[in-house]
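A.B. asks: Structure incoming, see below.
The values are calculated or read from the model by the stated rules, or taken from the named source; none is laboratory data. Please read all numbers here as calculations on a predicted model, not as lab measurements. Glycine also receives a Cβ, built like all others from the backbone with ideal geometry; neighbour counts cover every protein chain displayed. Side chains included, ligands, DNA and RNA excluded: accessible areas come from the protein's heavy atoms. Shrake-Rupley method; radii C 1.70, N 1.55, O 1.52, S 1.80 Å.
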Amino acid sequence: MTGPQIRAALSTLAMVAVIGGAIGWALFHRPWASDGAGAALLLYVALEWSAISAGGRRMLAAALLAGLAAALVLPQPLQTLRHGMAESVFLVGLFTTLGMLRDSARTSRLIRRCGEQMVRQGPGRRYAALSLGSHLIALVLNFGVLALLGMMVAKGNTLSAANGDEVVKGIRKRRMMTAILRGFAMMTVWSPLAVSFAVIQQVVPNLAWWRLVCLQVVLALILMGWGWVLDRLDFPPHTRRLPPHRHKTAFRPILGLIALVAAIVVGAVALAEVLGVRLVVGAMIVVPVAAVVWLFAQQSGAPVPRTLLTVRLFVGHLGDSLPGFRSEVAMLGGAMFLGSVVATFITPADTARAVALIPLPPVAVAVLLAWGVMAAAHVGIPQLVTITLLGSALGSLAAAGIDPLVLASGMLGAWALSICTTPVGAAVMSVARVAEVPVRTVSHSWNRRFVVVGALLLGVWMVALSLIL
């Protein structure tokens with residue numbers, strides 16, 4: 001084995017240890033599990049440091065400075081540092097575990113056929129089809145849906161398909177790319193398989209996740225509906241410059257994908273209930289099994305060779321994907337550690353006093369905090385850091401009479417909307433790269449009105465929920 005191959009193998013083993021330790025800590029609450037996983041995470045970062053992106057390195061540097069400050073200032077720094085590392089380990093373990101589905105989805109004919117059905121829709125239905133399709137596929141592919149559908153759009157949106165009209169080609173590109181981005185972003189509003197959901201469960205106290213999911217599905221539909229309305233306002237039917245499009249939709253692959261996602265979610269819920277753990281822990285256990293079963297279903301032949309091939313492919317996927325998550329691990333793990341450690345410098349009593357000084361009703365403060373998350377993301381501060389730092393404030397608002405569901409719903413909505421407009425976000429940069437346009441075009445020109453009005457809708461939603469709950 002060459003040097004890079006040895007490094008990749010060690011990184012893979014280190015990340016497997018992180019995942020195992022995260023699950024062990026969540027199930028049995030043994031300190032040695034989180035401590036061992038933390039050591040494995042540090043080893044992984046050390047092995048992959050040279051290939052981590054500049055943004056990831058900056059986040060890790062900020063986390064290191066926060067750790068040094070805690071060691072110098074706090075009376076019991078070890079407890080704070082271990083807690084921050086345990087939170088980072090869990091989030092990284094969740095993210096990398098969910099990524100296993102993406103590896104199986106990449107080779108799936110089902111995913112390709114679903115994507116083709118969405119791209120081939122007529123102009124009147126294409127935005128809705130791509131938005132809903134991106135939303136659904138993102139549940140299993142996560143960020144991978146942007147590349148999958150984005151490349152399909154890029155290949156299909158040719159000058160000849162637009163009858164040589166550059167204006168039509170540009171309009172098609174904008175409509176389809178914004179549909180894909182917004183559909184993906186709105187998945188983070190409600191999905192129990194999203195990192196955002198896991199973070200909110202950790203930050204917001206006394207949260208009933210099943211009630212939250214029901215509420216968030218409604219919020220996601222409202223925001224996605226606003227996106228469709230905006231698309232119709234920007235490009236009304238009378239502006240079409242091509243003959244009517246005819247395409248017969250095949251619903252079988254779409255129904256198959258819905259069944260797959262439903263099976264994973266139901267399995268995660270059932271296991272979480274049986275074990276008495278949070279839903280995201282159930283997802284961390286179910287998803288790798290689902291990924292292996294899905295990969296097995298894609299193979300053919302006798303059972304024994306088929307099983308051996310599946311195992312070989314799955315291990316090979318892990319060897320490629322786990323080291324490839326280096327920058328995301330640096331950003332997520334570093335941000336979680338940073339937020340967790342810095343939050344210890346802000347006592348709940350200080351936060352409660354600060355909230356009490358604001359001459360506004362508690363629900364108005366909650367709305368402003370949600371908008372603050374969006375504003376911070378717009379200037380490059382990750383939602384994860386902001387929401388983690390706001391943990392004490394959210395607890396104070398809950399104590400002031402605001403239902404935790406209102407706080408969680410607002411934070412998830414703000415997280416999702418900011419995905420569409422932050423110029424340093426992975427989603428916006430991915431879409432800009434595929435569409436071959438500047439990042440600012442995607443974040444400002446294409447999505448500014450969607451996000452601004454979406455923020456107002458989110459504020460109205462939070463106020464309405466506070467009156468109902």
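A.B. asks: Leaving ligands, DNA and RNA out of it, report the carbon-plus-sulfur percent of the accessible area of segment 13-144 at a 1.4 Å probe.
C.D. replies: So the carbon and sulfur contribution to the accessible surface is 67 percent.
A.B. asks: Taking each pair of different alpha-carbon atoms in segment 276-356 once, compute 1/r for the pair, average those values, and report the inverse of that mean as the Kirkwood hydrodynamic radius in Å to one decimal. Provide the component values of the computation, followed by the final result.
C.D. replies: On the way: mean 1/r = 0.0600 Å⁻¹.
For segment 276-356, the Kirkwood estimate is 16.7 Å.
A.B. asks: Select from His444, Leu469, Ile402 the residue farthest towards the positive end of the dipole of the chain; place +1 on Cβ of Lys and Arg, -1 on Cβ of Asp and Glu, and compute about the Cα centre.
C.D. replies: His444
A.B. asks: So how do 307-315, 12-20, 176-184 stack up, highest first, on mean other-Cβ count within 10 Å? Write down the numbers at each step before the final one.
C.D. replies: Numbers: 307-315: 14.6, 12-20: 20.9, 176-184: 28.4.
My ranking of the peptides, most packed first, is 176-184, 12-20, 307-315.
A.B. asks: Over segment 77-129, what lengths in whole Å, largest first, do the semi-axes of the equivalent ellipsoid take, defined as the square roots of 5 times the eigenvalues of the alpha-carbon gyration tensor?
C.D. replies: So the three semi-axes of segment 77-129 are 41, 15, 4 Å.
A.B. asks: What do the square roots of 5 times the Cα gyration tensor eigenvalues come to for segment 408-469, in whole Å, largest first, as semi-axes of the equivalent ellipsoid?
C.D. replies: 28, 11, 6
A.B. asks: Considering the alpha-carbon set of segment 248-404 alone, what are its Rg and its Dmax in angstrom?
C.D. replies: Values for segment 248-404 (Cα only, Rg and Dmax): 22.3, 71 Å.
A.B. asks: If you don't mind, another one. Cα centroid distance between segment 264-315 and segment 43-109, in Å?
C.D. replies: With segment 264-315 and segment 43-109 each reduced to a Cα centre, they are spaced 25 Å.
A.B. asks: Over the Cα atoms of the chain, what radius of gyration and what Dmax do you get, in Å?
C.D. replies: When restricted to Cα atoms, the chain yields Rg and Dmax of 22.5, 73 Å.
A.B. asks: Another question about this same structure. Taking a virtual spin label 7 Å from the Cα of Arg112 along the C-beta vector, which residues in segment 259-302 bring their backbone nitrogen under 17 Å of it?
C.D. replies: Correct set: 295-300.
A.B. asks: Between Gln79 and Phe28, what's the calculated FRET efficiency when r is the beta-carbon distance and R0 is 22 Å? Round to 0.05.
C.D. replies: Computed FRET efficiency for Gln79 and Phe28 comes out at 0.70.
A.B. asks: At a Förster radius of 25 Å, what calculated FRET efficiency corresponds to the Cβ-Cβ distance of Ala147 and Thr441, to the nearest 0.05?
C.D. replies: The computed FRET efficiency comes out at 0.85.
A.B. asks: How big is the Cα convex hull of segment 368-414 in projection, averaged over all directions, in nm²?
C.D. replies: 2.8
A.B. asks: Run the dipole for the chain about the Cα centre, Lys and Arg Cβ at +1, Asp and Glu Cβ at -1, nothing else charged, and hand back the magnitude in debye, nearest 20.
C.D. replies: 1720
A.B. asks: Can you pull the one-decimal nm distance between simple spin-label points at Arg58 and Val274, each 7 Å off the Cα toward Cβ?
C.D. replies: 4.6
A.B. asks: Residues of segment 102-118 with backbone nitrogen within less than 20 Å of a virtual label 7 Å along the Cα-to-Cβ line of Gln299, please, listed as ranges.
C.D. replies: Once the point is set 7 Å along Cα→Cβ of Gln299, 102-111 turn out to lie under 20 Å by backbone N, inside segment 102-118.
A.B. asks: If each Cα of segment 320-469 is one equal point scatterer, what is log10 of I(q)/I(0) from the Debye formula at q = 0.11, 0.15 Å⁻¹?
C.D. replies: For segment 320-469 at q = 0.11, 0.15 Å⁻¹, log10 I(q)/I(0) is -0.48, -0.84.
A.B. asks: Probe of 1.4 angstrom, ligands and nucleic acids ignored: what's the accessible area per residue over segment 190-338, in square angstrom?
C.D. replies: Here the per-residue accessible area is 48 Å².
A.B. asks: Hey, any idea what the orientation-averaged projected area of the convex hull of segment 10-115's Cα atoms comes to, in nm²?
C.D. replies: 8.7
A.B. asks: If you add up the charges near Leu148, with Lys and Arg at +1 and Asp and Glu at -1, over every other residue whose beta carbon is less than 9 angstrom from its beta carbon, what do you get? List each step's numbers first, then the result.
C.D. replies: Working: positive: Arg106, Arg112; negative: none.
Spelling it out: positives minus negatives among the neighbours equals +2.
A.B. asks: Across segment 363-446, what fraction of all alpha-carbon pairs, as a whole percent, falls in each successive 10 Å bin from zero upward?
C.D. replies: Bin by bin from 0 Å, the calculated values are 19, 44, 24, 12, 2.
A.B. asks: Give me the number: length gained by fully extending Arg306 to Val217, i.e. 0.36 nm times residue separation minus the C-alpha to C-alpha distance, one decimal in nm.
C.D. replies: Gain in length upon complete extension: 28.2 nm.
A.B. asks: Continuing with the same structure: Considering only protein heavy atoms and a 1.4 Å probe, what is the carbon-and-sulfur percentage of the accessible area of segment 239-369?
C.D. replies: Accessible surface attributable to carbon and sulfur in segment 239-369 totals 72 percent.
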